[in-house]
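Participant: One structure, as structure tokens, below. Some questions next.
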Amino acid sequence: MREPPLTLGLDEPADDASTFEDAASARASAGRVAAGKQPVGFVVRTDGAARGNPGPASAGAVLISLARGDARSPLAPPDASISDYLGVQTNNVAEYTAVVRAIELALELGARRLELLLDSKLIVEQLSGRWRVKDAKLRPLWAEALRGLRALPDGWVAAHVPRAQNSSADALCNAAIDRVMAGGPESVVVRPRS
């Protein structure tokens, strides 16, 4: 499997000329955010959990609108969230799945930009291209995350933060496992109120 080009998600090269032309055309027609205006997007905090490694696993994510003054605060209440049970998985698969699902939800909600604040240094370094993806189980998730990030017209950034700053996403992970063990639904997704 050929690795997608690695970038920070800003004006990245495409795999072939037609894709590059399509992407350039889409960016031109979408236009850029006017100077001083906040792009439509989210701060994304994610976590994955596996009780045992592998073991019962889950993914949690919170999305906070970039338009909010408290968007980057670890205590900011989410505008949208994901709490998914994943079955038996490794912790790294759970972490990546949380990122992929958060990106999918953000795109569904019309995001043009994402700021990923993750407590997984592995994912931050692999998405940025500084570390190779050696684990075959992670390669498809990594590629899917990059595809989603490249769809954002105003780009993305990813930064590593201490685990304590992602306590909201961690709580959603634990809630997913506990909920399923008690006979509840595998997935709970909260979207912004219209």
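Participant: Residues of segment 72-95 with amide nitrogen under 18 Å from the 7 Å Cα-to-Cβ point of M181?
Facilitator: Residues 83-91, 94 qualify, since their backbone N sits under 18 Å from the label point.
Participant: Which value, in debye to the nearest 20, gives the size of the charge dipole of segment 88-170 about its Cα centre, when Lys and Arg are +1 and Asp and Glu are -1 at the Cβ?
Facilitator: Rounded to the nearest 20 debye, it is 320 debye.
Participant: Within a 10 angstrom radius of the beta carbon, how do S187, S81, S168 rank from fewest other beta carbons to most?
Facilitator: S187, S168, S81
Participant: Going toward the positive end of the dipole of segment 92-194, with +1 on Lys and Arg Cβ and -1 on Asp and Glu Cβ, which of S120, W142, S187 do you reach last?
Facilitator: The residue sitting most towards the positive pole is W142.
All of the numbers you see were taken from the coordinates with simple rules; none came from a lab. Keep in mind that what you see is a predicted model, and the values were worked out from it rather than measured. Positions of Cβ are generated from backbone atoms using ideal geometry, with glycine treated the same way; all protein chains shown enter the neighbour counts.
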